Amino acid sequence: MEQTKCLIIGSGPAGYTAAIYASRANLSPIVYEGIEPGGQLTTTTEIENFPGYPEGISGTEMMAQLKQQAQRFGADVRFGIVTDVEFDSRPFVVTIDGEKKIEAEALIVATGASAKYLGLESEMKFRGQGVSACATCDGFFYRKQDVAVVGGGDTACEEATYLASICKQVYLIVRKPFLRASKAMQERVFNTPNIKVMFEYNTVEVLGDEDGVTGARLRHASGEETTIDIMGFFLAIGHHPNTELFKGKLELDEEGYIKTIPGTSKTNIEGVFAAGDVKDPHYRQAITAAGSGCIAALDCERYLLSK
Ligand code: NDP
């Protein structure tokens, strides 16, 4: 069986930063990229708040650079999905794509988080046919059409403003009477003429035909119902951590985020470390994820040295 000192699961800013530090510490880490190589940043447009990029940088480009940087120091970045982990044995046994097994002395979990959906049957029916959780990936298909974005946070506002630049009309469907987004994002939304903010509306049904989405039926807090004609229905209502694999194996909080010892990346299992959005429901920024990837690699290095 193949063996490694340090196996990193996930290839967002947390995973790659952990890989940069671990490879520079001569741990020769293996990185499994997972379902979404590059992580969530590859689905955003411009990143303007990562220090060191005064003009901003696209998410895809930044992740490609982080990958190159990790590889430059010898990180072995591989395409593949971790399908099982056994923490009972030492070294840990990690299964890739249901077949290949690798023994790892230490593990860094940086599997991130994924978009949430409303849970409507009609929403599932039209997923990929007008229903999307990524405006930057799919917005282009709705050029000069009418679309809706659900959510009132920074993501929803960012996506609505992006879509407004390519679509005719954007409806921002917000369940509360206010936006939760930062003041700067709110201002951007209110100053964009083709965004109509619909406060206190919930989506009852996504409407469509064999060609995809045609509209959405909404209900106001007062009980009044209305229908909007749209071709794209974008979800921006938050995320859930990608921790299915670790249920019953690692200690998770009530929302499924990995619990770590405060101020460290240490999980309840010695030798298993967590970094990035998978353990952070609060800050969720590229820079905080990268910082926690660094912490995880340093904790991992110290753990291996102490053994
Ligand atoms: P948030 O959790 O901040 O917002 C989620 C939004 O979706 C809220 O308005 C919430 O409503 C709404 N929502 C949740 N569930 C439902 C539902 N079932 N039906 C209708 N609406 C629903 O998530 P974001 O993804 O926007 O942001 C996450 C974090 O990332 C935040 O800390 C944010 O600041 C940050 N971020 C920062 C960016 C930047 O700095 N450039 C860009 C994007 C995100 P309610 O308010 O009623 O709970």
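Of the strands (runs of 3 or more DSSP E) lying entirely inside the range 86-128, the ones with 1 or more residues being within 16 Å of the ligand (Cβ to nearest atom) are found at 113-115.
When the residues of the range 175-189 are filtered to those that are in a helix (DSSP H, G or I) and under 20 Å from G139 (Cβ atoms), the one that is nearest to the ligand (Cβ to nearest atom) is M185. Taking the listed residues Y53, Y21, Y32, the one that is touching a residue at least 12 places away in the same chain (Cβ under 8 Å), aromatic (F, W, Y) and open to solvent by 30 Å² or more (accessible area, probe 1.4 Å) is Y21, with no other qualifying.
Taken over the range 262-287, residues that are within 16 Å of the ligand (Cβ to nearest atom), buried (at least 17 other Cβ atoms within 10 Å of the Cβ) and either assigned to a loop (DSSP other than H, G, I, E, B) or without any contact (Cβ under 8 Å) to a residue 12 or more places away in the chain (or both) amount to 2. Sub-9 Å Cβ pairs linking a first residue in the range 150-174 that is assigned to a helix (DSSP H, G or I) to a second residue that is within 6 Å of the ligand (Cβ to nearest atom) and of a type in the set (D, E, K, R), at least 6 apart or interchain, are D154/R180; A156/R180, ordered by first then second residue. A single member of F50, F92, F79, F73 is more than 19 Å from N242 (Cα to Cα), among the aromatic types (F, W, Y) and under 21 Å from the mean Cα position of the chain (by Cα), and it is F50. Within this structure, Q145 passes the test of being polar (S, T, N, Q), open to solvent by less than 70 Å² (accessible area, probe 1.4 Å), at pLDDT 95 or above and more than 22 Å from the chain's Cα centre (by Cα).
Taking the listed residues G232, G212, the one that is surrounded by fewer than 20 Cβ atoms within 10 Å (Cβ to Cβ), of a type outside the set (S, T, Y) and either touching a residue at least 60 places away in the same chain (Cβ under 8 Å) or away from the ligand (no atom under 16 Å from the Cβ) (or both) is G212, with no other qualifying. From the list A135, A164, A156, which residue is open to solvent by less than 70 Å² (accessible area, probe 1.4 Å), of a type outside the set (S, T, Y) and at pLDDT below 95? Unique residue meeting the criteria: A135.
Only one of the numbered conditions (1) open to solvent by 50 Å² or more (accessible area, probe 1.4 Å); (2) at positive phi is violated by K259, and that is (2). Taken as a whole, the condition of being at pLDDT 95 or above, assigned by TED's automatic domain parsing to the domain that holds A110 and under 30 Å from F140 (Cβ atoms) does not apply to Q40.
The values are calculated or read from the model by the stated rules, or taken from the named source; none is laboratory data. All figures in this text were calculated on a predicted structure; none of them were measured in a lab. Ideal geometry is used to build each Cβ from the backbone, glycine not excepted, and the neighbour counts take in all protein chains shown. Only protein heavy atoms, including side chains, enter the accessible area calculation; ligands, DNA and RNA are left aside. Shrake-Rupley method; radii C 1.70, N 1.55, O 1.52, S 1.80 Å.
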